């Protein structure tokens, strides 16, 4: 490649990145949704590669962590609520939610009687007889011990120090605020439906859809009008429901417990008159510590369903 072609390539790359930067700054949605989509997309690729050759896991998972952290860092100034402030409620909330997540998971899975009886006898059960095939980390530990050690350590890093930032920025900031009012959220849904191919064309003549289309984008308007810490019953329910969709059905009850409590933490640590408002810092800490405790429980007990 000659110097001229190299310069043109660099300029093209810089121009595309500038376009992405402008898109990120145009509204509250993309910059808070993109890190989650990036993480999920990378997780899908990592899973496919891991199933093909387990030894790829540490390298690809490390790359997944790096690119996601890079995105969060690049756009940190657009995410003013993404803080690292600590609050005393982090520790009790994380301990409670770890216990609730495990207990509710056992209950949903029909395992609670057996596991509770063993626990009262001073024993933590690992995998129960008749459970599904081994977790991939269990298989990896037997076949590639070195890969397992690095991979399980990186999993802790992702669970405790990256996922909480991604999910809290999306769920407890974007969704909680952009869906503050049930009525306005209904209008916003109609606006989205109106933009859909075929369905929008079929509904565009309906009076309700016409009225919705004439209003400014309601999801964005609600987000801009709703301060962090202004919590409504509908906002808690809607954001928690979306949080549930990111998890498997066995964990949905645990998601409800976490979603409700973390929404209340956002309200409590950002309330008017408390002095310094702490942003998402406390719930990020609580989320991270909860995930770290679940990681520790899994390794200690051998109950791999929670990793």
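Before moving on, here are some points about what is shown:
- For the chain, the square roots a ≥ b ≥ c of the C-alpha gyration tensor eigenvalues yield an a/c of 1.5 or more together with a/b not exceeding b/c, which makes the shape oblate.
- Ascending count of other beta-carbon atoms within 10 Å, so fewest first, for 71, 120: 120, 71
- Length gained when the stretch residue 301-residue 161 is fully extended (0.36 nm per residue, less Cα-Cα span): 48.1 nm
- Calculated FRET efficiency for the pair residue 192/residue 53, C-beta based, R₀ 30 Å, to 0.05: 0.15
- Helix-only CD estimate at 222 nm, as mean residue ellipticity for the chain, using -39500 (n - 2.57) per DSSP H run (n ≥ 4): -21500 deg cm²/dmol
- Among 51, 303, 251, sorting on how many other beta-carbon atoms sit within 10 Å of each Cβ, with the fewest leading, yields 51, 251, 303.
- In summary, segment 72-184 shows an alpha-carbon radius of gyration equal to 1.46 times the 2.2 N^0.38 Å reference for compact globular proteins.
- Note on segment 71-110: Cα convex hull, mean projected area over all directions, 4.5 nm².
- Using a Förster distance of 35 Å, the FRET efficiency for residue 21-residue 274 (Cβ separation, nearest 0.05): 0.55
- Per-peptide average of other Cβ atoms within 10 Å, ordering 92-102, 37-47 highest first: 92-102, 37-47
- For a modelled paramagnetic label at residue 150, 7 Å from Cα along Cα-to-Cβ, the residues of segment 24-46 in reach, with backbone nitrogen under 18 Å, are 46.
- Report note on the peptides 111-117, 122-128: ranked by the mean count of other C-beta atoms within 10 Å, highest first, their order is 111-117, 122-128.
- Taking only the alpha carbons of segment 147-292, we obtain Rg and Dmax values of 18.2, 60 Å in that order.
- Modelled FRET efficiency - R0 35 Å, residue 246 with residue 139, Cβ distances, 0.05 increments: 0.90
No lab work stands behind these numbers, since they all come straight from the coordinates. This is a predicted model, so every value here is computed, not measured. Here Cβ is always computed from backbone atoms with ideal geometry, including for glycine, and neighbour counts include all displayed protein chains.
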